[in-house]
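The values are calculated or read from the model by the stated rules, or taken from the named source; none is laboratory data. Because the structure is a prediction, the values reported are computed rather than measured. No Cβ is skipped: glycine too gets one built from the backbone with ideal geometry, and neighbour counts run over all protein chains shown. All accessible areas refer to the heavy atoms of the entire protein, side chains included, with ligands and DNA or RNA removed. Shrake-Rupley method; radii C 1.70, N 1.55, O 1.52, S 1.80 Å.
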Amino acid sequence: MDVTHYALVTGPFVGRTSLSAVALALREAGAKVTEPDPHAAFPDALPSLETWAEALMEMIPSSPAPILVGYSVATVLAAWLAPKVGAKAVIFLDGEIPAENGPNPIFSDRVTRHLSGKVEDATLPHWSDWWTGLGLEEGLGTGPLGRDRADLVPILRAEERRFPADWLGQSLDMPQWRDMPVGYVRLSPFYDQALQDAEMLGWPVAHVDGSHLHTVLNGVETAGALMAVAGELLG
């Protein structure tokens, strides 16, 4: 019996806790799960975006061929990695849809504009502090987590690191990734446009009515959405 292999790639600006509940639910459903963690490879100085991506590539086994899941800004990383690690599909989880080819920054323009005003001492703020002042704490930040699982907020925050501000201008040269099966899972209203774009492209999609941190609050439902999309992609 073939075992489905998911490689869960989270955004660099948070830690493994952001997807650990999803990983657990997928394993309980019988899947093999890889959770690559470049933070462990760079405990002190943080590298460039390209070096971060290359470190991820070394952490993802190619057998069995994985379904790459890119969460949040890691949609860019997942699309860049997918052809390089022999992925059989890629699923974007509540993030922007990357460029089909050519240079692609890790941040969308709307996030870059916001973060440019929050740079201090040549570093970006911790991820939990990105959304203050925008009224987005409920959809993107830790607002729902603070209400429903306040015990997890300090754990999530402890994994966050302040990245160099020059990441705002860094990009990855995207390979041709749209030749493989691609799907999309929407968790928060912030990515409604990405969901619509995915539907226009004819990709299998799942719509979860939650927040960006639904991955933490309800790993079972998030995993179920991923498995449903994977089933449509590869069934």
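Treating the beta-carbon of each Lys and Arg as +1 and of each Asp and Glu as -1, no other charges, what is the dipole magnitude of the chain about its Cα centre, to the nearest 20 debye?
Dipole about the Cα centre, nearest 20: 220 debye.
If R0 is 22 Å, what FRET efficiency do you get for ASP173 and VAL119 from their C-beta distance, rounded to 0.05?
The value I calculate is 0.30.
ARG16 to THR51: FRET efficiency via 1/(1 + (r/R0)^6), r the Cβ-Cβ distance, R0 22 Å, to the nearest 0.05?
Calculated transfer efficiency: 0.70.
Have a look at ALA158, PRO204, PRO189 and report the one farthest towards the positive end of the charge dipole of segment 149-235, computed about the Cα centre with Cβ charges (Lys/Arg +1, Asp/Glu -1).
ALA158
Give me the 1.4 Å probe accessible area per residue for the chain, excluding ligands and nucleic acids, in Å².
For the chain, the per-residue accessible area is 42 Å².
Relative contact order of segment 8-83: what whole-number percent is it, with Cα pairs under 8 angstrom and at least 6 residues apart?
42 percent
What is the spin-label model distance, in nm, from ASP148 to HIS126 if the labels are put 7 Å beyond Cα along the C-beta direction?
About 2.2 nm, to one decimal.
Determine the percent antiparallel among the DSSP beta bridges restricted to the chain, to the nearest 5.
So the antiparallel bridges amount to about 25 percent of the total.
Where does the chain land at 222 nm, in deg cm²/dmol rounded to the nearest 500, when only DSSP H runs of n ≥ 4 count, each adding -39500 (n - 2.57), divided by all residues?
-10000 deg cm²/dmol
Between ASP109 and VAL220, how many nm apart are label points set 7 Å from Cα along the C-beta direction?
4.3 nm
Computed from the coordinates I sent, mean projected area of the Cα convex hull in nm² equals one of (i) 11.1; (ii) 12.9; (iii) 11.9. Tell me the label.
(iii)
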